[in-house]
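**Student:** To start, I am sharing the structure in question, which I have written as structure tokens.
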Amino acid sequence: MMLPIGITCGTQEGLCLMRLSWDYIKAIERAGGLPVPLMFFQRDSARKAIKMIRGLVLSGGGDVDPFHFGEEPRPGCGEISPYRDENELGLVRLALEAQMPILGICRGAQVLNIALGGNIFQDLGMKGGELQEHYQKAPAYLPYHQLRINKGTLLGKISGGETALRVNSFHHQAIRKLGEGLIISATTSDGVIEAVESIHSPFVLGVQWHPEAMAGKNLPGGQELFDALLEAAACYR
Ligand code: MN
């Protein structure tokens, strides 16, 4: 049986459109899952959907409204999608409550962190110190910067015990204060948090890079994340 995996969508809210890269769909299918794009206008629909799916992918996208982590907008804060924020924060809270396997990607890692009471740098310029470039001007599949993976983590296990991993990078924000129950699974050498995971759940992982863009190229840090999600989904319920 193909396990249904929910996936949140981007929006173009002025035009009442939802949008989603095919790469996510392909990566979930390759892992043996049935991709189910999710978008709701009623809270009750989200609750029903959470009962039907076996895992949740939070896709990448623009910035979360700083209102959701108790801040006023700062210089460098980018485009905001109010409806998407509400939809995803609602879904991820329900999924966490249900102990469902969750893979948060880029914005999705930040959404996961914010849903658990953490916050983010509205722009990496706020971080201070000597920063690496985190927005590559190179094809999306191309591994761009190196991560150090923390030993004993879920990400370390998925990566076959490797402690170094080169991944792509398309973000100008990053996790700042960790949400409740989250630990750091990987960082770049400038101290930017590149992956987090929950100590309260068998599979709740947020990654700052875009594994779906690397997944078709057989590169480490790509498809195996979706494969691991599907393995967790098979053990769920
Ligand atoms: Mn990065």
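**Student:** Check whether at least one residue in segment 9-17 is within 21 Å of Ile158 (Cβ to Cβ), of a type in the set (Ser, Thr, Tyr) and either crowded, with 16+ Cβ neighbours inside 10 Å or modelled with pLDDT under 95 (or both), and report yes or no.
**Tutor:** no
**Student:** Condition check: out of contact with any helix residue (DSSP H, G or I) (no Cβ under 6 Å at 6 or more places or on another chain), in contact (Cβ under 8 Å) with a residue 24 or more places away in the chain and not aliphatic (A, V, I, L, M). Does Ser21 satisfy that? Talk me through it step by step, then tell me what you get.
**Tutor:** Working: out of contact with any helix residue (DSSP H, G or I) (no Cβ under 6 Å at 6 or more places or on another chain): yes; in contact (Cβ under 8 Å) with a residue 24 or more places away in the chain: yes; not aliphatic (A, V, I, L, M): yes.
Yes; evaluated as a whole, the condition is true for this residue.
**Student:** Within segment 18-44, can you find the residues that are farther than 21 Å from Leu112 by Cβ and either touching a strand residue (DSSP E or B) at 6+ places or on another chain (Cβ under 9 Å) or crowded, with 19+ Cβ neighbours inside 10 Å (or both)?
**Tutor:** Pass one, segment 18-44, residues farther than 21 Å from Leu112 by Cβ: 22, 26, 29-30, 32, 34, 41-42, 44.
Across segment 18-44, the qualifying residues are Lys26, Glu29, Gly32, Leu34.
**Student:** Let me ask you something else. For the condition part of a helix (DSSP H, G or I), within 16 Å of the ligand (Cβ to nearest atom) and either touching a residue at least 40 places away in the same chain (Cβ under 8 Å) or within 26 Å of Leu15 (Cα to Cα) (or both), what is the one hit in Gly129, Gly125, Gly60?
**Tutor:** The match here is Gly125.
**Student:** Here is a follow-up. Counting just the residues of segment 158-167 that are more than 16 Å from the ligand (Cβ to nearest atom) and within 18 Å of the chain's Cα centre (by Cα), which one comes out farthest from Leu205 (Cα to Cα)?
**Tutor:** In this case the residue turns out to be Ser159.
The values are calculated or read from the model by the stated rules, or taken from the named source; none is laboratory data. Just so it is clear, the model here is predicted, and its values are computed rather than measured. Neighbour counts are summed over all protein chains in view; Cβ atoms, including those assigned to glycine, are modelled from backbone coordinates with ideal geometry.
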